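Below: one structure, written as structure tokens.
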Amino acid sequence: MKMMLLAGVLSAMALPALAGSDERFLPPGALLPGSGSGVASAAVLYPDMRFPIEQGAAYASSHFYGVGGQRGKAGDSCDEANYAYPWRDNFCELRKDNLPFCLSGGHQGQDLRPATCRANFHWAVAADDGVIVQIARFSVTLQTAAGTLYRYVHLNTSDLAVRELQPVARGARIGRISNTWVDKLPIHLHFDVKDTIKVGQQTLVTFVPPYASLVESYIRRNKIQGEQHE
């Protein structure tokens, strides 16, 4: 498995970083005010990762603190404010989990809204070659040959394009983005990455910051597909 060093905040040693400035994407770690403290590292941990939504515009933002969310402004979760740039990181926002990377809270990944507020329509796809190692009630997990775990949550798991232990190629369809959960949620894909890290002398498997890798893979996907989402 890939080894990464954590020393207070993520070290970007030997890792590519987000290049340049693009107003469509707020910097890593810039969580919504009052929603916790993020990881302000521009390290692209997975430079070859495929963006996990097949096509169309996508919007990274918090469903929990966004318009219509449980702790957001009153309104409809389909509000146009939730389907607009700029992107915003929400890894580590205030939640129940306690992650090594997070000074406060512990949201395990990144919330991504597809191009439109339409359930069971937009496809989530494989971020890399690998094997589907788990299909749970609300999630699908893909493991790569390097041991990285990519997890897709809130898919329509009753109508998936994959089965457990199935090998999949990078970009292959996995399932349609929905809002499946115990309670009603806004339509979105929760995407997270779990890998092996080293904290001091301790080695553990934990969730790692995906935001910079998502920005990089989104820009690259749009260039390949000839899409310019301004």
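Taking region 81-91 on its own, how many of its residues are under 17 Å from PRO27 (Cβ atoms) and either surrounded by fewer than 15 Cβ atoms within 10 Å (Cβ to Cβ) or of a type in the set (A, V, I, L, M) (or both)? Break it down stepwise before answering.
In the first step, residues of region 81-91 are kept if they are under 17 Å from PRO27 (Cβ atoms); the result is 85-91.
With the extra rule that they be either surrounded by fewer than 15 Cβ atoms within 10 Å (Cβ to Cβ) or of a type in the set (A, V, I, L, M) (or both), the set shrinks to 86.
Selection size over region 81-91: 1.
Name the strands (runs of 3 or more DSSP E) wholly within region 94-153 that hold at least 1 residues that are over 19 Å from PHE51 (Cβ atoms) and touching a Pro at 6+ places or on another chain (Cβ under 9 Å)? I'd like the intermediate steps shown before the answer.
Numbers: elements: 110-113, 123-125, 130-135, 139-143, 149-153.
Of the strands (runs of 3 or more DSSP E) lying wholly inside region 94-153, those with at least 1 residues that are over 19 Å from PHE51 (Cβ atoms) and touching a Pro at 6+ places or on another chain (Cβ under 9 Å) span 130-135.
Looking for whichever is touching a helix residue (DSSP H, G or I) at 6+ places or on another chain (Cβ under 9 Å) and under 29 Å from VAL67 (Cβ atoms) here; the options are VAL182, VAL193. Which one fits?
Unique residue meeting the criteria: VAL193.
How many residues are surrounded by 14 or more Cβ atoms within 10 Å (Cβ to Cβ) and either within 16 Å of PRO33 (Cβ to Cβ) or free of Cβ contacts under 8 Å to residues at least 12 places away in the same chain (or both) when one looks only at region 92-105?
Within region 92-105, residues that are surrounded by 14 or more Cβ atoms within 10 Å (Cβ to Cβ) and either within 16 Å of PRO33 (Cβ to Cβ) or free of Cβ contacts under 8 Å to residues at least 12 places away in the same chain (or both) number 5.
Scan region 111-154 for residues that are of a type outside the set (A, V, I, L, M, F, W, C) and within 20 Å of LYS184 (Cβ to Cβ) and report the count.
Total satisfying the criteria: 11.
For the structure I just gave you, tell me whether THR141 is of a type in the set (S, T, N, Q) and either in contact with an Asp or Glu (Cβ under 7 Å, 6 or more places away or on another chain) or without any contact (Cβ under 8 Å) to a residue 24 or more places away in the chain (or both). Spell out the reasoning first.
Working: of a type in the set (S, T, N, Q): yes; either in contact with an Asp or Glu (Cβ under 7 Å, 6 or more places away or on another chain) or without any contact (Cβ under 8 Å) to a residue 24 or more places away in the chain (or both): yes.
In short, yes.
Could you please find all residues in region 165-196 being more than 20 Å from PHE51 (Cβ to Cβ), at pLDDT 95 or above and surrounded by 13 or more Cβ atoms within 10 Å (Cβ to Cβ)?
Answer for region 165-196, where residues must be more than 20 Å from PHE51 (Cβ to Cβ), at pLDDT 95 or above and surrounded by 13 or more Cβ atoms within 10 Å (Cβ to Cβ): just GLN166.
Quick one: is ALA124 under 17 Å from the mean Cα position of the chain (by Cα), surrounded by 20 or more Cβ atoms within 10 Å (Cβ to Cβ) and aliphatic (A, V, I, L, M)?
Yes: the conditions hold for ALA124.
Can you pull out every residue in region 170-209 that is outside any strand (DSSP E or B), touching a residue at least 24 places away in the same chain (Cβ under 8 Å) and touching a strand residue (DSSP E or B) at 6+ places or on another chain (Cβ under 9 Å)?
ARG170, GLY171, ALA172, SER178, THR180, TRP181, PRO186, ILE187, HIS188, PRO209
All but one of (1) surrounded by fewer than 13 Cβ atoms within 10 Å (Cβ to Cβ); (2) modelled with pLDDT under 95; (3) out of contact with any Ser or Thr (no Cβ under 7 Å at 6 or more places or on another chain) hold for ALA136; which doesn't?
So the condition that ALA136 fails would be (2).
The values are calculated or read from the model by the stated rules, or taken from the named source; none is laboratory data. Here the structure is a predicted model, which means the values were calculated and not measured. Ideal geometry is used to build each Cβ from the backbone, glycine not excepted, and the neighbour counts take in all protein chains shown.
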